[in-house]
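Everything on this sheet refers to the single structure shown next.
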Amino acid sequence: MPPLTSKTETILRMWTVRDYHQMAAAGILQPEEAVELISGQVISTMTPQGAPHSSAIRRTRRLLEKALGEQGLVQTQLPIQLGDYSEPEPDIAVVRPEANDYAEHHPTAADIYLIIEVADSTLKTDRELKARDYARAGIGDYWVLDVNHRQLYLFRGPTSEGYQHEIVLLSRWL
């Protein structure tokens, strides 16, 4: 008799935005947990912010608000919904102004002009995982501010596989 063998396959469950909200409502995800839903996975990508990280967010927000005026709404660390499987909370999102300031729903990909992530300890996640997710959603402009190396990564040309173009600039103001 041949030996019994078993092959086990690992299958990851993709969580929807609805599942994610139900987990929070049921207390599975606690309010103090720093998690995001990225490509159907609940991921803890947020770490405590150091001074360079929070300063970069503050300065960038101030510059964008001054430059844009009423043409765009600058939101910081608030949810955006990218389809049924992603609800990240980017450090900065420039979105289309809406009369009720998104009281009925989070901004979607069609509402987003620009997403900026500020990276100190999350550079790999921001440049790979989040970049892929934002590209799949069709976000035309995605920037990553690397505060450790004083670099700005510009991602453009979104496709279902990722961004076609990545430009790296040195920055003095980070």
#### Entry: Residue satisfying condition, being surrounded by fewer than 20 Cβ atoms within 10 Å (Cβ to Cβ), more than 25 Å from Ala34 (Cβ to Cβ), modelled with pLDDT under 95 and of a type outside the set (S, T, N, Q), within set Leu154, Leu123, Leu170
Leu170
### Message
Quick check on my filter: what residues within segment 126-151 are modelled with pLDDT under 95, within 22 Å of Pro79 (Cα to Cα) and surrounded by fewer than 16 Cβ atoms within 10 Å (Cβ to Cβ)?
### Response
Glu128
### Members of segment 29-44 that are surrounded by fewer than 17 Cβ atoms within 10 Å (Cβ to Cβ) and either without any contact (Cβ under 8 Å) to a residue 12 or more places away in the chain or over 29 Å from Arg13 (Cα atoms) (or both)
Gln30, Pro31, Glu32, Glu33, Ser44
## Note on the structure
Residue count, segment 15-44, condition in contact with an Asp or Glu (Cβ under 9 Å, 6 or more places away or on another chain) and either assigned to a strand (DSSP E or B) or at pLDDT 85 or above (or both), comes to 9
### Task
Considering every residue within segment 62-80, establish whether at least one is part of a loop (DSSP other than H, G, I, E, B), out of contact with any helix residue (DSSP H, G or I) (no Cβ under 9 Å at 6 or more places or on another chain) and free of Cβ contacts under 8 Å to residues at least 12 places away in the same chain.
yes
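Would you call Leu114 in contact with an Asp or Glu (Cβ under 9 Å, 6 or more places away or on another chain) and at pLDDT 95 or above?
yes
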### Message
Just to be sure I understand, how many residues within segment 45-57 are surrounded by fewer than 15 Cβ atoms within 10 Å (Cβ to Cβ) and either charged (D, E, K, R) or not in a helix (DSSP H, G or I) (or both)?
### Response
3
#### Entry: Unique residue being crowded, with 19+ Cβ neighbours inside 10 Å and farther than 26 Å from Gly50 by Cβ when the list is Ile112, Ile116
Ile112
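The values are calculated or read from the model by the stated rules, or taken from the named source; none is laboratory data. Just so it is clear, the model here is predicted, and its values are computed rather than measured. A quick note on method: Cβ atoms are made from the backbone with ideal geometry, for glycine too, and the neighbour counts reach across all protein chains shown.
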